[in-house]
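The values are calculated or read from the model by the stated rules, or taken from the named source; none is laboratory data. These numbers come from a predicted model, not from an experiment. Reconstructed Cβ throughout: ideal geometry from the backbone, glycine too, with neighbour counts over all protein chains shown.
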Amino acid sequence: MKKVLIANRGEIALRIIRACKELGIKTVAVYSEADVDSLHVRFADEAVCIGPPQSSESYLLIPRIISAAEVTNADAIHPGYGFLAENAEFAEVTKSCNIKFIGPEPDMIRKLGDKAFAKHSMKSAKVPTIPGSDGLVESVKEAEKLADEAGYPVIIKATAGGGGRGMRLVRKKSDLEKMFNQAQQEALAGFGNPGVYLEKYFTHARHIEVQVIGDNHGNVMALGERECSIQRKHQKLIEESPSPAVSEKLREEMCDAAIRGAKKVNYQSAGTIEFLFQDNKFYFMEMNTRIQVEHPVTETVLGIDLIKEQILVADGKKLSFHEGKMKLRGHAIECRINAEDPEHNFRPSPGKISTFHVPGGPGVRVDTHAYAHYVIPPYYDSLIAKLIVHGKDRQEAIDRAQRALDEFIVEGIKTTIPFHQKVMKNKAFRAGKFDTTFLETEKL
Ligand code: MV4
């Protein structure tokens, strides 16, 4: 692999350029007209404009991205996260043009993108799954029977959905028929696939996920867990590793389950197995076939570079580390700094950044594409920086996050920094006692 085209923008495009540079691989940026002044355009060896700025369309234009790869002679494409990262068709087109897709095979993306199928695969690998239907539910009658068995509340999920899209919570039997029909229709309209499955609904669960990575030499590793329960409307805001809810013994069980699941489907590349965790038990929820926003907390506690490993395994190389050598060191927390106003319902706050100063010092990492006088376009997601702190334990990591957040200066736009300062002071957060309902129930 000599040249990688990065089919993305923002901080993740920079993150991938950094990994490529250290591996001696040339880089090609693609950019929309709204992103001419972006750092990914500046730091890549070459850059190709792929169109007008309207919405996020440019970064979804498969033919233009493939053309950019062909004219620049790129031999691989890294999709980052979001946009085309879990688009099986894009991975397929890339492959058919003799360009390496840095991610799993198209069929793997397709199979695991079918959430009911993914769940069935995990169940067959003896990974604990959420009680409910085994596969799709075909009728209201069948749904009623399953819901009676599982007990209300239940949730109906679109098999082609995921990440909180296409779900219907059902609190009692008299609501089921209406909700089932709505879920099916919405699934068909939203994803072109009416398939739905049913699960018991856990009302006070944590979202805990396990990072996995596999090469094509038969090695599959689980790289510990990330606690991702601090979310708002299915947007994660804070992630950490390890989870304050996971003991050494439980970590081993979760990692073993993740490895069994990944091996069952012969998973290659970096991926994430998402679990719901309640009453000290974990249940498979979904598998993501991309590198995720929050990958740096795993990198930090394990002292590895996940993007480099992802590139190496895509190039047919072996993973550079072994099971025995992976030792979790200390505690890492990531705060997502978004251009949003937390005082006004997190409404987007694009525009020109007048002052931009990032924190530094021991145990502080900032991944950002922003700089003083940078103009945040209104068309894309609002993530402008990730603050990742590392401490010897959770206490030190939280104290360090507070110190670093205080050093951050972002003027000209609103950001989520004041929100993070409140969470870091919150008693329940500091005690590690929270679940996915934290932001709804806690007065910050
Ligand atoms: C659930 C659940 C409780 N029980 N499934 C939301 C995102 C999507 N990945 C699945 N989601 C949930 N599925 C069952 N059976 C609760 C959620 C959920 C949630 C999950 C993770 C993080 C935040 C969440 C917020 C609300 C609901």
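How many residues does segment 235-252 hold that are part of a loop (DSSP other than H, G, I, E, B) and either modelled with pLDDT under 95 or touching a helix residue (DSSP H, G or I) at 6+ places or on another chain (Cβ under 9 Å) (or both)?
4
So, Ile353, is that one out of contact with any Gly (no Cβ under 6 Å at 6 or more places or on another chain) and assigned by TED's automatic domain parsing to the domain that holds Ile230 or not?
no
Please verify whether segment 165-184 includes one or more residues that are of a type outside the set (A, V, I, L, M, F, W, C) and at positive phi.
yes
Against the definition (touching a helix residue (DSSP H, G or I) at 6+ places or on another chain (Cβ under 9 Å), modelled with pLDDT under 95 and surrounded by 17 or more Cβ atoms within 10 Å (Cβ to Cβ)), how does Ser58 come out, yes or no?
Criteria met by Ser58.
Return the total of residues in segment 378-389 being more than 17 Å from Gly303 (Cα to Cα) and either of a type in the set (Lys, Arg) or surrounded by 19 or more Cβ atoms within 10 Å (Cβ to Cβ) (or both).
Matching residues across segment 378-389 total 6.
From the list Val358, Val313, Val366, Val375, pick out the single residue that is in contact (Cβ under 8 Å) with a residue 40 or more places away in the chain and closer than 26 Å to Gln231 by Cα.
Selected residue: Val358, the only one of Val358, Val313, Val366, Val375 that is in contact (Cβ under 8 Å) with a residue 40 or more places away in the chain and closer than 26 Å to Gln231 by Cα.
For Lys119, all conditions in the list (1) farther than 21 Å from Asn216 by Cα; (2) touching a Lys or Arg at 6+ places or on another chain (Cβ under 9 Å); (3) buried (at least 18 other Cβ atoms within 10 Å of the Cβ) hold save one; what is the number of the exception?
(2)
Among the residues of segment 262-277, which ones are away from the ligand (no atom under 16 Å from the Cβ), outside any loop (DSSP other than H, G, I, E, B) and in contact with a strand residue (DSSP E or B) (Cβ under 8 Å, 6 or more places away or on another chain)?
Ala262, Lys263, Ser269, Ala270
Of all the helices (runs of 4 or more DSSP H) wholly in segment 367-444, which have at least 3 residues that are touching a Pro at 6+ places or on another chain (Cβ under 7 Å)?
Fully inside segment 367-444 and qualifying: 394-407.
Out of all the residues in segment 331-366, which are in a loop (DSSP other than H, G, I, E, B) and in contact with a Pro (Cβ under 8 Å, 6 or more places away or on another chain)?
Within segment 331-366, Ala339, Pro350 qualify.
Please list, ordered by first then second residue, the pairs with beta carbon atoms under 8 Å, 6 or more apart or interchain, first in segment 288-309 and under 19 Å from Ala7 (Cβ atoms), second among the β-branched types (Val, Ile, Thr) and assigned to a loop (DSSP other than H, G, I, E, B).
Within 8 Å, the pairs are Leu306/Ile291; Ile307/Ile291.
If Ser139 satisfies all but one of (1) small (Gly, Ala, Ser); (2) more than 14 Å from the ligand (Cβ to nearest atom); (3) within 25 Å of the chain's Cα centre (by Cα), what's the number of the condition it fails?
(3)
From Lys318, Lys327, grab the single residue that is modelled with pLDDT under 95 and either basic (Lys, Arg) or assigned to a strand (DSSP E or B) (or both).
The match here is Lys327.
Would you point out which residue out of Lys95, Lys145 is closer than 23 Å to Ile307 by Cβ, charged (D, E, K, R) and in a helix (DSSP H, G or I)?
After ruling out the rest, the residue left standing is Lys95.
Which ones in segment 118-136 are away from the ligand (no atom under 16 Å from the Cβ) and in a helix (DSSP H, G or I)?
Result: Ser121, Ser124.
Take the residues in segment 155-177 that are touching a strand residue (DSSP E or B) at 6+ places or on another chain (Cβ under 8 Å) and basic (Lys, Arg), then tell me which one is farthest from the ligand (Cβ to nearest atom).
Taking the candidates together, the pick is Arg168.
Residue-wise test of (1) under 15 Å from Pro359 (Cα atoms); (2) buried (at least 22 other Cβ atoms within 10 Å of the Cβ); (3) out of contact with any strand residue (DSSP E or B) (no Cβ under 6 Å at 6 or more places or on another chain).
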residue: Glu396; (1), (2), (3): no, no, yes
residue: Ala401; (1), (2), (3): yes, yes, no
residue: Ala404; (1), (2), (3): yes, yes, no
residue: Phe408; (1), (2), (3): yes, no, yes
residue: Gly412; (1), (2), (3): no, no, no
residue: Gln421; (1), (2), (3): yes, no, yes
residue: Ala428; (1), (2), (3): no, no, yes
residue: Asp435; (1), (2), (3): no, no, no
residue: Thr441; (1), (2), (3): no, no, yes
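Only residues that are over 26 Å from Leu84 (Cα atoms) and under 21 Å from the mean Cα position of the chain (by Cα): list them for segment 365-384, please.
Arg365
Restricting the first residue to segment 6-20 and requiring it to be part of a strand (DSSP E or B), which pairs with a second residue that is hydroxyl-bearing (Ser, Thr, Tyr) and surrounded by 24 or more Cβ atoms within 10 Å (Cβ to Cβ) meet a Cβ separation below 8 Å and a spacing of at least six or different chains?
If the second residue must be hydroxyl-bearing (Ser, Thr, Tyr) and surrounded by 24 or more Cβ atoms within 10 Å (Cβ to Cβ), the pairs left are Ile6/Thr27.
Can you tell me which condition Phe180 does not meet? The list is (1) more than 13 Å from the ligand (Cβ to nearest atom); (2) within 23 Å of Asp279 (Cβ to Cβ); (3) among the aromatic types (Phe, Trp, Tyr), and all the others hold.
(2)
Return the residues of segment 196-228 that are part of a loop (DSSP other than H, G, I, E, B) and within 16 Å of the ligand (Cβ to nearest atom); say none if nothing qualifies.
Within segment 196-228, Tyr201, Phe202, Thr203, His204, Ala205 meet the criteria.
Based on this model, can you work out whether Thr300 counts as farther than 19 Å from Phe101 by Cα, outside the structural domain of Thr159 (by TED's automatic domain parsing) and either assigned to a strand (DSSP E or B) or more than 12 Å from the ligand (Cβ to nearest atom) (or both)?
yes
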